[in-house]
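Below is one structure, written out as structure tokens; comments come after it.
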Amino acid sequence: MSTSVDSLGSKHPLRSWRKAVWWGCVAALMATNHASALPTSPEGTAPQAMGVIVKLKDGRVTTADGRGMARPSSLNPEGAQRRRLHMAQVAQRQRVGYLVQKDTAFGAQVLHRGEPVALTDAEAEAARLRQDPDVEWAVPNEIMRPAAVTTGQTAPSVDYTYTGRFWMRSRVAVGAGPGVADFPAAWTFLAGRTLNPVVTAVLDSGVTEATTHPDFVGRLFTGHDFVTDPAVGNDGNGRDTDVSDPGDWETGCPGDLTKCSSWHGTSITSMLAAPGSSTTTGTLNSSQRMGPGIFASIDGQPVVLPIRVGGTGGASSSDIIDAMYWAAGLSVTGAPTPPNPGARVISLSYGSLGNCQGGSNTVDALYRNAIATLRSLGVVIVASAGNGDGSGTSGYASPSKPASCQGVIASTGLRANASKAAYANLVNGSRASQCYFGVAVASGDTGQSMSMLGNDGTTSPGTTNLQGGIEGTSFAAPQVAGVAALMLAVNPALSSVDVAYRIMQSASAFPTSGSPTNLCSASSLGNCRCTSGTCGAGVLDAAAALNAALSSPLFSEGVCPAPDVTTSSSGGSSGGGGGGASDAGLLTLLATLAAWMLGAALWARLRGHQTSRATAQVIKTGKR
């Protein structure tokens with residue numbers, strides 16, 4: 001049934017001409033759909049949000065605990081213009097200002113001012129929006145941060161026996177130890193076997209020299225840039241097909257190396273994609289080649305789907321969730337046709353504080369349900385557990401989100417001797433409380449940082465080459481994701497639950513003696529001795545996991561709640577509902593609306609009386 005409201009959502013339109021002028025300016029700014037202000041640099045570790053994510057009522061049921069909030073949208077794309085004008089009315093009624101409005105792949109819309117705000121401010125705006133009768137739910141568009149602890153870029157002297165990269169070596173090799181995954185043993189296991197192709201998506205900051213560096217040529221699928229805000233993306237535009245990393249530096253670089261570009265996505269992609277033929281020979285020397293990566297046994301074909309979600313200041317949750325859907329092969333309006341086949345494994349090394357147990361008023365519910373949808377499609381999702389406060393000296397007592405979401409494999413970091421890296425957050429290996437899967441693997445620490453491809457540029461990209469001084473749970477996640485993908489290459493019939501349980505149950509036990517002697521606990525969060533209750537089920541064992549992929553029985557979810565993946569809707573036929581920030585028709589309508597409101601305000605001021613109610617009621621919400 002159609003309903004109508006006046007231009008300001010009030011029973012007394014244009015009672016205040018100043019109010020109308022103000023809202024007319026907002027509408028005019030919306031019509032430009034551009035923000036002139038750059039995002040402010042995050043201050044310390046204070047949580048931030050890129051505005052709010054709002055879902056208007058459309059007939060799809062959302063339960064009290066938030067289940068059903070994030071699903072591939074079945075809203076009719078032709079109704080996008082009407083929905084966005086409807087959202088403008090809602091924002092006016094609740095006095096929420098914004099400069100940018102963007103649809104999502106799950107039927108909601110993102111509203112923000114063109115720059116990050118404090119999470120508490122976004123929560124207050126979401127609370128006001130939830131009071132509107134036309135709003136189904138509203139949550140902060142929380143910003144996730146990369147889980148890396150970088151001590152500054154160096155160019156170590158390396159050789160291809162991995163003396164500079166202990167994390168890739170055998171456990172018995174000098175400089176390695178029981179904390180590494182032992183990828184050489186996995187390569188031996190895979191020798192001579194027929195391997196099925198598997199797509200592994202890396203959701204990160206992009207890749208430098210993705211089409212020219214010999215360690216990436218022929219190893220990457222065609223990805224997409226899902227960073228909506230040009231200022232965050234730092235590339236002069238919004239979403240596009242260019243996954244290049246232009247740098248994510250902040251004010252203070254180069255004096256403060258922690259503010260310089262991280263080249264985070266390049267490093268993680270190189271861990272997985274570098275081919276078996278990556279050697280010291282050829283046109284590039286040993287300081288410019290990664291050496292064989294985790295997928296070295298799958299040579300001569302693409303293996304990684306690079307998807308850009310992060311930039312200066314981090315990554316917005318709405319961009320991450322859209323990218324997750326697209327990576328898995330689900331359509332997102334405004335993005336190219338998704339990969340076919342879609343990714344069976346997603347590696348995500350961004351996160352924020354929280355245990356993913358928040359209700360429907362938080363972004364937690366969006367992550368939980370997006371993850372449940374993808375897992376029902378057989379997608380394995382691996383996320384880094386987080387690095388405490390970022391100081392590098394102490395972790396937190398639980399993993400960050402989305403690593404702590406149900407069904408995700410939460411990957412924390414170890415030293416080479418299998419003790420917990422000082423910065424790494426704790427993870428539980430039992431699944432008893434939050435139903436994530438916990439596991440650990442070496443990811444660098446003070447005195448034993450990791451080496452992998454990066455870039456020698458401090459701000460904009462320079463030369464892609466080998467970099468040291470790298471550590472963080474960010475670099476545990478791709479190791480676990482790599483093992484998951486190799487398991488699926490061996491046995492593609494495995495479900496996401498099968499893969500996760502096999503990784504946990506094949507993990508090596510933590511050492512019970514040696515240094516350090518203090519056990520990890522809520523009161524001992526630095527470098528400490530791991531247990532299954534504090535560092536996950538054990539140490540990732542690549543070869544044992546591959547063997548389990550062939551021989552272990554299938555698993556069930558157990559006591560964890562079944563995922564909610566219902567996609568029925570009264571809104572129209574199935575299809576993506578997200579995409580770009582504007583179109584020509586919408587701009588014209590918004591500009592007309594702005595002109596009408598400003599003209600009406602001046603007319604009321606000069607005439608000294610109110611516009612009639614019949615004249616004011618011209619904006620229709622239409623059917624829902």
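No value in this document is a laboratory result; all are computed from the given coordinates. Please read all numbers here as calculations on a predicted model, not as lab measurements. Ideal geometry is used to build each Cβ from the backbone, glycine not excepted, and the neighbour counts take in all protein chains shown.
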field: Net charge dipole size for region 286-368 [Lys, Arg +1 and Asp, Glu -1 on Cβ; Debye, nearest 20]
entry: 120 debye
message: Could you order the peptides 125-134, 476-485 from most to least packed, using the average number of other C-beta atoms within 10 Å per residue?
response: 476-485, 125-134
task: Calculate, in nm to one decimal, what Thr251 and Ala127 gain on full extension: separation in residues at 0.36 nm each, minus their alpha carbon distance.
output: 41.4 nm
message: Calculate the FRET efficiency for Ser515 and Thr222 from the Cβ-Cβ distance with a Förster distance of 56 Å, rounded to the nearest 0.05.
response: 0.75
- prompt: Working out 0.36 nm times the residue gap between Arg95 and Thr446, then minus their Cα-Cα distance, what length gain in nm do you get to one decimal?
  reply: 121.5 nm
- line: Projecting the Cα atoms of Ser411, Ser430, Thr464 onto the charge dipole of region 400-514, where Lys and Arg contribute +1 and Asp and Glu -1 at Cβ, the residue farthest towards the positive end is Ser430
- request: Give, rounded to the nearest 20 debye, the magnitude of the charge dipole that region 382-533 has about its Cα centre when Lys and Arg contribute +1 at Cβ and Asp and Glu contribute -1 at Cβ.
  value: 340 debye
task: Please give the contour-minus-distance gain from Asn361 to Thr463: 0.36 nm per residue of separation, less the Cα-Cα distance, rounded to one decimal in nm.
output: 32.3 nm
field: region 239-342 shape via C-alpha gyration tensor axes, a/c threshold 1.5
entry: oblate
Gyration tensor (alpha-carbon) shape descriptor, region 419-514, a/c threshold 1.5: oblate
